[in-house]
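K.L.:
Would you mind keeping the following structure in view while I ask a few things?
What follows is calculated from the coordinates using simple rules that are stated; it is not laboratory data. Not measured: the values here are computed from a predicted model. Virtual Cβ from ideal backbone geometry, glycine too; neighbours counted across all protein chains shown.
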Amino acid sequence: DVKVTQSSRYLVKRTGEKVFLECVQDMDHENMFWYRQDPGLGLRLIYFSYDVKMKEKGDIPEGYSVSREKKERFSLILESASTNQTSMYLCASKDTDSPLHFGNGTRLTVT
Amino acid sequence: LAKTTQPISMDSYEGQEVNITCSHNNIATNDYITWYQQFPSQGPRFIIQGYKTKVTNEVASLFIPADRKSSTLSLPRVSLSDTAVYYCLVGDELTVGDKLIFGTGTRLQVFP
């Protein structure tokens, strides 16, 4: 069974801090995604990656960057956290003929 | 990119059949339709996927008309544990690097 692991379940950071959210998948999937989820707005795509060192912007990339140095790991970086980045962050992976497999999310609070 | 539109919420009672419709007017030839279920404090999980006509598995059926501009997820005889948010996703599952965009989802509440 595919496992997508997000390093933290809950995270509290201060405004202006640099924040790293880590995601690891164990199925050698090509594609990895970062979404954020807010009440009433559903899942919004921040960034995705279709190969090592490759990345593409999603719908809301502003204020975020990503890193994919190894196939199994996809990191989301908040260069300078702000209160409007308080949200649930979901990582997912997939292969070309598989559906998305999600982690259980990281609930980030920026104070 | 195909945008999806779903009802924001639906209510049902245990034992009833629930049908949730998703509109995707600009679906592309290579796009598949996939439905996900999400419980609180969990990531969404795959329910069913189809390209055209009807697909059925052990938990749901998916009906797709010939023009593919909409799809209907059918949950037979729902129980309280089916209370969740249901997302319709339209995208090219076979293309590496496809940008997969979700809609806002449908919150299903099942009452006893």
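K.L.:
What does the C-alpha gyration tensor say about the overall shape of the protein assembly as shown? Classify as rounded when a/c is under 1.5, otherwise prolate if a/b is larger than b/c, or oblate.
P.N.:
The shape class here is prolate.
K.L.:
Right, here's the next one. Once you've got the Cα coordinates, tell me which of A:Lys57/B:Lys99; A:Lys13/A:Lys57; A:Lys3/B:Lys99; A:Lys13/B:Lys99; A:Lys13/A:Lys71 are over 19 Å apart.
P.N.:
From A:Lys57/B:Lys99; A:Lys13/A:Lys57; A:Lys3/B:Lys99; A:Lys13/B:Lys99; A:Lys13/A:Lys71, over 19 Å: A:Lys13/A:Lys57; A:Lys3/B:Lys99; A:Lys13/B:Lys99; A:Lys13/A:Lys71.
K.L.:
Select from segment A:43-88 those GluC sites (Glu not before Pro) which occupy a DSSP coil region and have at most 15 other Cβ atoms within 10 Å, ordered by residue number.
P.N.:
A:Glu62, A:Glu79
K.L.:
Mind jotting down the three principal axis lengths of chain A based on Cα atoms? Whole angstrom, largest first.
P.N.:
39, 26, 24
K.L.:
Note down the magnitude of the dipole of the protein assembly as shown about its Cα centre, charges +1 on Lys and Arg C-beta and -1 on Asp and Glu C-beta and zero elsewhere, to the nearest 20 debye.
P.N.:
Dipole size: approximately 480 debye.
K.L.:
Within the set of other residues whose C-beta is less than 14 Å from the C-beta of B:Val18, count the net charge using Lys and Arg as +1 and Asp and Glu as -1.
P.N.:
Taking every other residue near B:Val18 into account, the sum is -2.
K.L.:
I've got another one for you. For segment B:9-111, compute Rh as the Kirkwood radius over C-alpha pairs and then the Stokes-Einstein diffusion coefficient at 25 °C and 0.890 mPa s; write the answer in µm²/s, rounded to an integer.
P.N.:
Here the translational diffusion coefficient equals 175 µm²/s.
K.L.:
In whole Å, what is the distance between the alpha-carbon centres of segment A:91-111 and segment A:1-20?
P.N.:
11 Å
K.L.:
Relative contact order, percent, of chain A when contacts are C-alpha pairs under 8 Å separated by at least 6 residues?
P.N.:
36 percent
K.L.:
How high is the relative contact order of chain B, in percent, with contacts defined as C-alpha pairs under 8 Å that are six or more residues apart?
P.N.:
Dividing the mean separation by the residue count of chain B yields 37 percent.
K.L.:
Further question: Which residue, chosen from A:Gly58, A:Cys23, A:Leu78, occupies the Cα position most advanced towards the positive end of the dipole of segment A:1-82, where the dipole is computed from +1 (Lys, Arg) and -1 (Asp, Glu) charges on Cβ about the Cα centre?
P.N.:
Highest projection toward the positive end goes to A:Leu78.
K.L.:
Right, something else. Net charge within 14 Å of B:Ala60 by Cβ-Cβ distance, Lys/Arg positive one each and Asp/Glu negative one each, not counting B:Ala60 itself?
P.N.:
Residues close to B:Ala60 contribute a combined charge of 0.
K.L.:
Give the aspartates and glutamates whose C-alpha is closer than 16 Å to that of B:Lys69, dropping any in the same chain fewer than 8 places away, or say none.
P.N.:
Partners within reach: B:Asp31, B:Asp92.
K.L.:
Rg and Dmax of segment B:63-112 over Cα atoms: what are they, in angstrom?
P.N.:
14.0, 43
K.L.:
Please identify the trypsin sites (Lys or Arg not before Pro) of segment A:15-63 that satisfy two criteria: DSSP loop assignment and at most 15 other Cβ atoms within 10 Å. Which are they?
P.N.:
Here the trypsin sites (Lys or Arg not before Pro) that fit, given the DSSP loop and packing criteria, are A:Lys18, A:Lys53.
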